[in-house]
Amino acid sequence: MAHKNTNLKQGFSVIELLVAISLFVTLSAVLIQSVVQSLGTSQKVGAESAVRDNLNFAGDVFVRNLRNAKAITSSCTGTASNTISYQDQNSVAGSFTCVSGQSAYLGSGSTNARLTSDDVVLTTCRITCTQSGTTLPPTVELVLGGRLVTSESRLESSLEVIKRVTLRTY
């Protein structure tokens, strides 16, 4: 009777184990990097959204108040300034002011009530009033640029919002 000599391999060789482990480590590193990058992008988009929402809110308050204004009481020369004064539809005086400094913001009224959040610092704030002729109402443009106040530099990104409004004629 012929006896077969078979060498049955049992288990894996060291080289096969090293190849499998290195593939697993490489795939894990790529996956972790992808997840970290995705989370960073999500946080940056959230920060940009917060700044955009805040600037749009301040701009919308500005537009709503000036659209209903009876008159602009500050000069309308077409040059940019930091303040605009107006008289609302009830003949009550009002104003908007770009308050500068380390925590710059858009202020409303005589007390400069803050229209932008404490989390947003304005990098640009310009108010330009233009009067085209004597019979047409003035047009006012507000340019607001801002960034989120954060200690993480990767979340910093400046955004700019431009709002234009033409006063109604009464």
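Within 10 Å of each residue's Cβ, count the other Cβ atoms and sort Ile32, Ile72 from fewest upward. Walk me through the intermediate numbers first.
Details: Ile32 10, Ile72 19.
Least to most surrounded, the residues fall as Ile32, Ile72.
Once you have the Cα-Cα distance between Val61 and Ala93, take 0.36 nm times their residue separation minus that, and quote the gain in nm to one decimal. Walk me through the numbers before you get to the answer.
Details: separation 32, 0.36 × 32 = 11.52 nm, distance 1.56 nm.
Gain in length upon complete extension: 10.0 nm.
Counting Lys +1, Arg +1, Asp -1, Glu -1, what net charge surrounds Gln89 among other residues with beta carbon under 11 Å of its beta carbon?
Working: positive: Arg67, Lys70, Arg168; negative: Asp88.
Local net charge: +2.
Can you give the net charge of the other residues whose Cβ lies under 13 Å from the Cβ of Gly59, counting K and R as +1 and D and E as -1? Let's see the in-between values first.
Working: positive: Arg52, Arg64, Arg67, Arg126, Lys163, Arg164; negative: Asp53, Asp60, Glu141, Glu160.
My count for the surroundings of Gly59 gives +2.
With n ≥ 4 as the cut-off for DSSP H runs, can you work out [θ] at 222 nm for the chain, using -39500 (n - 2.57) per run divided by the number of residues, rounded to the nearest 500?
Values: 1 runs with 54 residues, N = 170.
Only helices count here, giving -12000 deg cm²/dmol.
Given Cα pairs under 8 Å that are at least 6 residues apart, what percent is the relative contact order of the chain? Write down the numbers at each step before the final one.
Values: 282 pairs, mean separation 36.0, N = 170.
Relative CO of the chain lands at 21 percent.
What base-10 log of the normalised intensity I(q)/I(0) is obtained for the stretch 14-166 from the Debye formula, alpha carbons as equal point scatterers, at q = 0.19, 0.21 Å⁻¹?
Here log10 of I(q) over I(0) equals -1.08, -1.23.
What distance in nm lies between label points placed 7 Å from Cα along the C-beta direction at Leu27 and Ser49?
According to this spin-label approximation, the distance is 3.3 nm.
Any chance you could run the full-extension gain for Ile162 through Thr130? It's 0.36 nm times the residue separation minus the Cα-Cα distance, nm to one decimal.
Values: separation 32, 0.36 × 32 = 11.52 nm, distance 1.51 nm.
Contour length minus the Cα-Cα distance gives 10.0 nm.
Every number in this text was worked out from the coordinates using simple rules, so none of it is lab data. For clarity, every value in this text was computed on a predicted model and none was experimentally measured. Reconstructed Cβ throughout: ideal geometry from the backbone, glycine too, with neighbour counts over all protein chains shown.
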